[in-house]
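The values are calculated or read from the model by the stated rules, or taken from the named source; none is laboratory data. Predicted, not measured: the structure shown is a model, and the values here were computed from it. We place every Cβ from the backbone using ideal geometry, glycine too, and count neighbours over all the protein chains shown.
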Amino acid sequence: MSELTGSEPWKALQAHKQAVERTHMRDLFAGNPERAKQFSVQAADLWIDYSKNLITDETLNLLLDLAKSRDVEAKIRAMFAGERINTTENRPVLHTALRNRSDEAVLVDGQDVMPEIRNVLQRMASFSNLVRSGEWLGATGKPIKNVINIGIGGSDLGPVMAYEALKAYSDRSLTVRFVSNVDGTHFYEATQDLDPAETLFIVASKTFTTDETMTNAGTARRWVADALGESAIGHHFVAVSTNAEEVSKFGIDLENMFGFWDWVGGRYSLCSAIGLPVMVAIGPDNFNRMLDGFYAMDQHFKTADFEHNAPVIMALLGVWYTNFWDAQSEAILPYNQYLSRFAAYFQQANMESNGKSVTKDGQYVDYETGPVVWGKPGTNGQHAFYQLLHQGTKLVPADFIGFAKPHHSMGEHHHKLVANLLAQTQALAFGKTAEEARAEGIDEALIAHRTFHGNRPTNTILASELTPETFGQLVALYEHKIFVEGVIWGINSFDQWGVELGKALAKDAYGSIINHQTDPKNDSSTNSLLDKFFELEN
Ligand code: G6Q
């Protein structure tokens, strides 16, 4: 038995689960008219109603005991203070410094990192303004109309998601695209209707060695050089990286390199120079508003007591369902089309951070860790996978995210959108009993099919409007939720060794493919697939 599963708060939660598992939310609400008020929290500009969860006062108290027993408070302080909490890579974890809007210093090895952060933000702003104003000229003297970010994983998902989320604030005269996949189709489709003379590439790679990114960057380089000559490269490429040597070798002037630091993890790097394509699209002022939003949620997380701390509460609910109700996945369901990539972004952030099976000191866990995270915007999902949420055999805790004001008031659209959000969380929580179905005159043969058990947990997050500020708050809310869960599970949420083996094997497989040879070291399946591939290739 591990320290966690053997602990008193854990055992108390196990016993409590047995005691409450037959309780229905219908009764919890009927028995307490104050329930919604009691289980809601204001975090910066976000209102989070978590009353439609399978919890009582006691559940929350026991979960808070668990948080205390895992030293969550001290761990939060350690992260903000720049301690080397990413132990397997011996690094601090300081994405919060990137959006520190105060005058407070943030020290790494006794050195304040804030002046350097502000300097990069300043250089990003100058560059963005040059591109946006048409002053940055391509090699032939034409202004830049198209900006293409080349990156993958943490150097792609954040910027794409934020660009989509804040499109309403973007300069529509610029075309901004993202190329990530090593599948040549991605590059082809992103460039086939563009003029190289008007196109600028941002090569975004922390290491500047990632195979997919360097392959796409090499293709982009040829695309520009073939059309405009080798001397054009400097006009059409800038880099976001920590690796000045490789950037220079590529032919990008270090003046046009925007740096960041090894204490920024890829999936937590949106507020660093990795956000450059977003800043180009929405402008420095809106980008700063986004940073303000992140900072507001960081402050909430750092200072609110746990009973009113939104990321802590959301994390504890996640642990409650993952570890005590055997939930295997969590859905994120934004009722906002601009947030179409939000769930995909947090799929990486959560699954790469908490998809671990050993603790920080290398012991195998004897409990579940990070869930499968998925989701799509409403209302589309309602016509697709919600059937399983309502009547399937799996418990899927879901977050519903909505906004009071639309960006585009077009008749009845927005009120219908919000009505659907509210209706879904009601239906999931309270369902429909067989008696209710009968009272509606439903045929007896269909009663079982037309009954909804309900008792399916949701959080509802509401804000006035999707602005750069509320967007930053939302992202930081989930980042910190993931952190707190990682602390409770005792894992390192900031490494990702699980991606390494596949990368190494891909090098061997690539060798086999280009040499047109199977490998005696391979298993029979891989070699027979290689043979089949060679046959089909001809
Ligand atoms: C994220 C991961 C990973 C990383 C990519 C790209 O936390 O570390 O998704 O961001 O592999 O890495 P580079 O930025 O070094 O190209």
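Just wondering, is there one or more residues in segment 215-232 that are of a type in the set (D, E), away from the ligand (no atom under 15 Å from the Cβ) and either surrounded by fewer than 18 Cβ atoms within 10 Å (Cβ to Cβ) or under 20 Å from T175 (Cα atoms) (or both)?
Yes, that holds for at least one residue.
Given P371, P406, P377, P397, which one is touching a His at 6+ places or on another chain (Cβ under 7 Å) and at pLDDT 95 or above? Steps first, please.
Details: P371 fails: touching a His at 6+ places or on another chain (Cβ under 7 Å); P377 fails: touching a His at 6+ places or on another chain (Cβ under 7 Å); P397 fails: touching a His at 6+ places or on another chain (Cβ under 7 Å).
So the residue among P371, P406, P377, P397 that is touching a His at 6+ places or on another chain (Cβ under 7 Å) and at pLDDT 95 or above is P406.
I'd like to verify a number: residues in segment 394-436 that are closer than 21 Å to S40 by Cβ, among the acidic types (D, E) and over 27 Å from the mean Cα position of the chain (by Cα), how many?
0
Name, by its number, the condition in (1) under 27 Å from G229 (Cβ atoms); (2) within 16 Å of the ligand (Cβ to nearest atom); (3) of a type in the set (S, T, Y) that does not hold for S128.
Only one criterion in (1) under 27 Å from G229 (Cβ atoms); (2) within 16 Å of the ligand (Cβ to nearest atom); (3) of a type in the set (S, T, Y) is unmet by S128, namely (2).
For residues that are in contact with a helix residue (DSSP H, G or I) (Cβ under 8 Å, 6 or more places away or on another chain) and not aliphatic (A, V, I, L, M), tally how many sit in segment 6-37.
Matching residues across segment 6-37 total 11.
I need the helices (runs of 4 or more DSSP H) fully contained in segment 412-492, keeping only those with at least 2 residues that are in contact (Cβ under 8 Å) with a residue 60 or more places away in the chain. Let's see the steps before the verdict.
Values: elements: 413-430, 434-439, 468-489.
In segment 412-492, the matching helices (runs of 4 or more DSSP H) lie at 413-430, 468-489.
Which residue, of A310, A304, A281, A296, is hydrophobic (A, V, I, L, M, F, W, C) and either within 16 Å of the ligand (Cβ to nearest atom) or under 24 Å from S155 (Cβ atoms) (or both)?
On the way: A310 fails: either within 16 Å of the ligand (Cβ to nearest atom) or under 24 Å from S155 (Cβ atoms) (or both); A304 fails: either within 16 Å of the ligand (Cβ to nearest atom) or under 24 Å from S155 (Cβ atoms) (or both); A296 fails: either within 16 Å of the ligand (Cβ to nearest atom) or under 24 Å from S155 (Cβ atoms) (or both).
Criteria check complete, one pass: A281.
So, in segment 260-272, how many residues would count as being in contact with a Phe, Trp or Tyr (Cβ under 7 Å, 6 or more places away or on another chain) and away from the ligand (no atom under 11 Å from the Cβ)? Step through it out loud before you land on a result.
Of segment 260-272, the ones in contact with a Phe, Trp or Tyr (Cβ under 7 Å, 6 or more places away or on another chain) are 265, 269, 271-272.
If we keep only those that are away from the ligand (no atom under 11 Å from the Cβ) too, we end up with 271.
Residues meeting the conditions: 1.
I'd like the residue in segment 506-518 that is among the polar types (S, T, N, Q) and in a helix (DSSP H, G or I) and, out of all such residues, is farthest from the chain's Cα centre (by Cα). If you could, list the steps in order and put the result at the bottom.
The initial filter retains those residues of segment 506-518 that are among the polar types (S, T, N, Q), namely 512, 515, 517-518.
Retained after the next criterion (residues that are in a helix (DSSP H, G or I)): 512, 515.
Working: S512: 35, N515: 39 Å.
The residue in question is N515.
Can you tell me which residue is surrounded by the fewest Cβ atoms within 10 Å (Cβ to Cβ) among those in segment 481-498 that are of a type outside the set (K, R) and away from the ligand (no atom under 16 Å from the Cβ)?
If we take residues in segment 481-498 being of a type outside the set (K, R) and away from the ligand (no atom under 16 Å from the Cβ), then G490 is surrounded by the fewest Cβ atoms within 10 Å (Cβ to Cβ).
For a quick check of your reading of the model, give me the residue pairs whose first member lies in segment 496-510 and is more than 16 Å from V358 (Cα to Cα), whose second is within 10 Å of the ligand (Cβ to nearest atom) and part of a helix (DSSP H, G or I), with beta-carbon atoms closer than 8 Å and at least 6 apart or on different chains.
K503/D211; A506/D211
Just name the residue that is nearest to the ligand (Cβ to nearest atom) out of those in segment 197-212 that are within 23 Å of K145 (Cβ to Cβ) and buried (at least 19 other Cβ atoms within 10 Å of the Cβ). Talk me through it step by step, then tell me what you get.
Residues of segment 197-212 within 23 Å of K145 (Cβ to Cβ): 197-204.
Pick out the ones that are also buried (at least 19 other Cβ atoms within 10 Å of the Cβ) and you get 197, 199-204.
Details: A197: 27, T199: 21, L200: 19, F201: 14, I202: 12, V203: 9, A204: 7 Å.
Going through the qualifying residues, I end up with A204.
Results for (1) touching a helix residue (DSSP H, G or I) at 6+ places or on another chain (Cβ under 6 Å); (2) of a type in the set (A, V, I, L, M); (3) over 23 Å from G472 (Cα atoms), shown as yes or no for each residue.
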position	(1), (2), (3)
L130	no, yes, yes
G134	no, no, yes
L137	no, yes, yes
G153	yes, no, no
P159	yes, no, no
N181	no, no, yes
F187	yes, no, yes
L194	no, yes, yes
A204	yes, yes, no
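Of these, K11, K37, which one is out of contact with any Leu (no Cβ under 9 Å at 6 or more places or on another chain), part of a helix (DSSP H, G or I) and either within 23 Å of E368 (Cβ to Cβ) or aliphatic (A, V, I, L, M) (or both)?
Working: K37 fails: either within 23 Å of E368 (Cβ to Cβ) or aliphatic (A, V, I, L, M) (or both).
Answer to the check: K11.
Determine which member of the set K521, K503 is surrounded by fewer than 18 Cβ atoms within 10 Å (Cβ to Cβ) and in a loop (DSSP other than H, G, I, E, B). Spell out the reasoning first.
Values: K503 fails: in a loop (DSSP other than H, G, I, E, B).
Of K521, K503, the one residue that is surrounded by fewer than 18 Cβ atoms within 10 Å (Cβ to Cβ) and in a loop (DSSP other than H, G, I, E, B) is K521.
Hey, does segment 326-342 have a residue that's touching an Asp or Glu at 6+ places or on another chain (Cβ under 6 Å), part of a strand (DSSP E or B) and under 30 Å from H414 (Cα atoms)?
So far as segment 326-342 goes, yes, one or more of its residues are touching an Asp or Glu at 6+ places or on another chain (Cβ under 6 Å), part of a strand (DSSP E or B) and under 30 Å from H414 (Cα atoms).
Name the pairs whose Cβ atoms lie under 7 Å apart, with the first residue in segment 240-265 and without any contact (Cβ under 8 Å) to a residue 24 or more places away in the chain, the second assigned to a loop (DSSP other than H, G, I, E, B) and of a type outside the set (V, I, T), and 6 or more positions between them or separate chains?
So the pair list comes out empty.
For the subset of segment 149-164 comprising residues that are in a helix (DSSP H, G or I) and near the ligand (Cβ under 6 Å from one of its atoms), which member is surrounded by the most Cβ atoms within 10 Å (Cβ to Cβ)?
As a first pass, look at segment 149-164 and keep what is in a helix (DSSP H, G or I): 153-155, 157-164.
Okay, now just the ones that are also near the ligand (Cβ under 6 Å from one of its atoms), so 153-155.
Numbers: G153: 20, G154: 25, S155: 27.
Here the answer is S155.
For segment 283-297, enumerate the residues that are charged (D, E, K, R) and closer than 20 Å to D103 by Cβ. Walk me through how you get there before you give the answer.
Applying the first criterion (charged (D, E, K, R)) to segment 283-297 yields 285, 289, 292.
Residues satisfying the conditions are R289, D292.
Of everything in segment 165-191, what is among the hydroxyl-bearing types (S, T, Y) and away from the ligand (no atom under 16 Å from the Cβ)? Give them in sequence order.
Taking segment 165-191 and keeping what is among the hydroxyl-bearing types (S, T, Y), we get 169-170, 173, 175, 180, 185, 188, 191.
Answer for segment 165-191, where residues must be among the hydroxyl-bearing types (S, T, Y) and away from the ligand (no atom under 16 Å from the Cβ): Y169, S170, S173, T175, T185, Y188, T191.
Using beta carbons and a limit of 8 Å, which pairs, at least six apart or on different chains, have the first residue in segment 340-357 and touching a residue at least 12 places away in the same chain (Cβ under 8 Å) and on the phi < 0 side of the Ramachandran plot and the second one away from the ligand (no atom under 12 Å from the Cβ) and among the hydroxyl-bearing types (S, T, Y)?
So the pair list comes out as F346/Y478; A349/Y478; N350/Y478; N354/T369; G355/T369; K356/T369; S357/Y364; S357/T369.
Tell me which residues, restricted to segment 135-148, are in contact (Cβ under 8 Å) with a residue 40 or more places away in the chain and more than 16 Å from the ligand (Cβ to nearest atom). If you could, list the steps in order and put the result at the bottom.
Initial filter on segment 135-148 (in contact (Cβ under 8 Å) with a residue 40 or more places away in the chain): 136-140, 142-148.
Those that are in contact (Cβ under 8 Å) with a residue 40 or more places away in the chain and more than 16 Å from the ligand (Cβ to nearest atom): W136, L137, G138, A139, T140, K142, P143, I144, K145, N146, V147.
Would you pick out the residues in segment 165-196 that are surrounded by fewer than 19 Cβ atoms within 10 Å (Cβ to Cβ) and in contact (Cβ under 8 Å) with a residue 60 or more places away in the chain?
Passing the criteria: K167, A168, S170, D171, L174.
Go through the residues of segment 90-111 one by one and say whether even a single one is surrounded by fewer than 16 Cβ atoms within 10 Å (Cβ to Cβ) and within 16 Å of the ligand (Cβ to nearest atom). It would help to see each step written out before you state the result.
Within segment 90-111, the subset surrounded by fewer than 16 Cβ atoms within 10 Å (Cβ to Cβ) is 90, 101-105, 107, 109-111.
After this cut, where a residue has to be within 16 Å of the ligand (Cβ to nearest atom) as well, the list is 90.
Scanning segment 90-111 turns up at least one residue that is surrounded by fewer than 16 Cβ atoms within 10 Å (Cβ to Cβ) and within 16 Å of the ligand (Cβ to nearest atom).
Among the residues of segment 37-45, are any at pLDDT 95 or above and more than 30 Å from K405 (Cβ to Cβ)? Walk me through how you get there before you give the answer.
Restricting attention to segment 37-45, the residues satisfying the condition of being at pLDDT 95 or above are 37-45.
Those still in the list that are more than 30 Å from K405 (Cβ to Cβ) too: none.
No, because not a single residue in segment 37-45 is at pLDDT 95 or above and more than 30 Å from K405 (Cβ to Cβ).
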